[in-house]
Amino acid sequence: MQKSDIVDKERVVYLPQDEMPTHWYNILPDLPEPLAPPLDPKTLKPISPEPLFRIFAKELVMQEVSAERFIKIPDEVYDAYVYLPRPTPIVRARRLEKYLGTPAQIYYKCEYVNPTGSHKPNSAIAQAYYNKAQGIERVVTETGAGQWGSSLAMASSLFGLKCSVYMVRVSYDQKPGRRTMMQIHGADVVASPSNKTKFGQSLLKSDPNNYGSLGIAISEALEDCLTHENTRYCLGSVLNHVLLHQTIIGLESKKQFESIDVQPDVICGCIGGGSNFAGFAYPFMADKLKKKTNTEFIACEPKAVPSTTRGVYTYDFGDTAELTPLLKMYTLGHNYQAPPIYSGGLRYHGKAPSLCLLINKGYIKSVAYSQTEVFEAACILARTEGMITAPETAHCVRYVIDEALRCKKTGEKKIIAFNNCGHGLLDLQAYDAYLNRKLLDYEPATINVPKLVNQ
């Protein structure tokens, strides 16, 4: 047998390191209409960037409102990306295709190969760098499943910053492995709600068993930031500068698909706040916004936290204690108490404003799934491709399998691509619950979103 007979050039698609993108892509100039501005909750007037300098590193605030289409990746960040290492490969899921008997082709971007097991270092490294460059000594954040917290802890250690993480209590208990990862990198990790903040204390006083939410953890992290000098807050999703940093994923992917002369018909990913989906999808979305492609974009969320499928498109707070500016987004209400599903990264009550605008205008379709059906899909992926994915990623795996089976019925030869944004090797307790039929499916009976702004 000749070597060429056993090597499949489209099984794994690499990108040479010297072809890694040198700029991030900013979608704001290309949106179909300008984003609704963040509002000061006291005056209900658009808020200027300056008050945010006390919360975020100044350069991150400027990226948040930038009209530049491409923003250069600083040399120090680029060098750190190379050592992750980036670029990450794209894999064609041939065994999954064969198992499903589908004419569709399935590809996935391998963001789980990053040291902390997810896409999150792409922004964590950038945020740590900008804080260090400004002379900040300590950063503080929240985390759900722990992917973001462990990534910021790692990035902080790389740049010599102190790091504190408020981890949603249910994930703190469910995922001790990620808590340990953060501590290995030198971070201080506490379960949220906690007794370290006045807001956390008030919640525990009324309910000592409060299992927390991302909204609560954000409130605690912000209070911590505002009560300690030379500390700044870092966010793992939702805001534009975070989505911007993640576009390294999609920019690499475009080059990789071009190298094998492939144009995806479907781009999909899971959504919690929106960073991994946007990072993968936005460089492709740029072509759709310019009417250069008919690619479909699918965002997948849990039925337990159905922000875009059942939520309201309106202004809301980003946190439970009402410390943030008001953002226009799909939301379940900032007081929504998400059920304790294992997809900790998808429990956020809202979504990124730019993502929400694109969903509202019909450029992106969103779908929702229950816990049991996404873990079923994740097991199929593991038993065919060998890859155990994170519970969050399993949501888009469910969509991919369903779409591939639909193609089997219709005979369509679609090319389906998804962002495999995290591995599930520290989520085996969730898989154990699925295998032993202990998973519960949650879905809110009613959703009540307070009207905060007349629109």
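Structure above, values below:
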| item | result |
| --- | --- |
| Those residues of region 101-143 whose amide nitrogen sits under 13 Å from the label point placed on SER157, 7 Å along Cα→Cβ | 115-117 |
| At most 12 other Cβ within 10 Å, DSSP loop - trypsin sites (Lys or Arg not before Pro), region 281-352 | LYS290, LYS291, LYS292 |
| Global geometry of region 25-85, whether rounded, prolate or oblate, following the gyration tensor of its Cα atoms and the 1.5 cut on a/c | oblate |
| Region 221-343: projected area of the alpha-carbon convex hull, averaged over directions, in nm² | 9.8 |
| Cα gyration tensor shape of the chain, rounded if a/c is under 1.5, else prolate or oblate by comparing a/b with b/c | rounded |
| Neighbour-count order for LYS109, LYS175, fewest beta carbons within 10 angstrom listed first | LYS175, LYS109 |
| Exposure proxy ranking, count of Cβ atoms within 10 Å, fewest first, for TYR108, TYR211 | TYR211, TYR108 |
| Beta bridges per DSSP with both ends in the chain, % antiparallel, nearest 5 | 35 |
| Computed magnitude of the charge dipole of region 120-233 (debye, nearest 20; Cβ of K, R +1, Cβ of D, E -1) | 200 |
| Relative exposure of ASP224, ASP207, ASP265, ASP441, judged by other C-beta atoms within 10 Å (fewest first) | ASP207, ASP441, ASP265, ASP224 |
| Kirkwood Rh (inverse of mean 1/r, distinct Cα pairs), region 120-233, angstrom | 13.7 |
| Unsatisfied cross-links (Cα-Cα over 22 Å) in the set LYS175/LYS205; LYS120/LYS290; LYS288/LYS365; LYS109/LYS414 | LYS175/LYS205; LYS120/LYS290 |
| Prolate/oblate/rounded label for region 374-455 (Cα gyration tensor, a/c 1.5) | oblate |
| Unit charges on C-beta of K, R, D, E only; dipole of the chain, Debye | 680 |
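Bear in mind that the values in this text are calculations on the coordinates, not laboratory data. Note that the coordinates shown come from a computational prediction; the quantities given were computed from them, not determined experimentally. Every residue, glycine among them, receives a Cβ derived from its backbone with ideal geometry; neighbour counts consider all protein chains shown.
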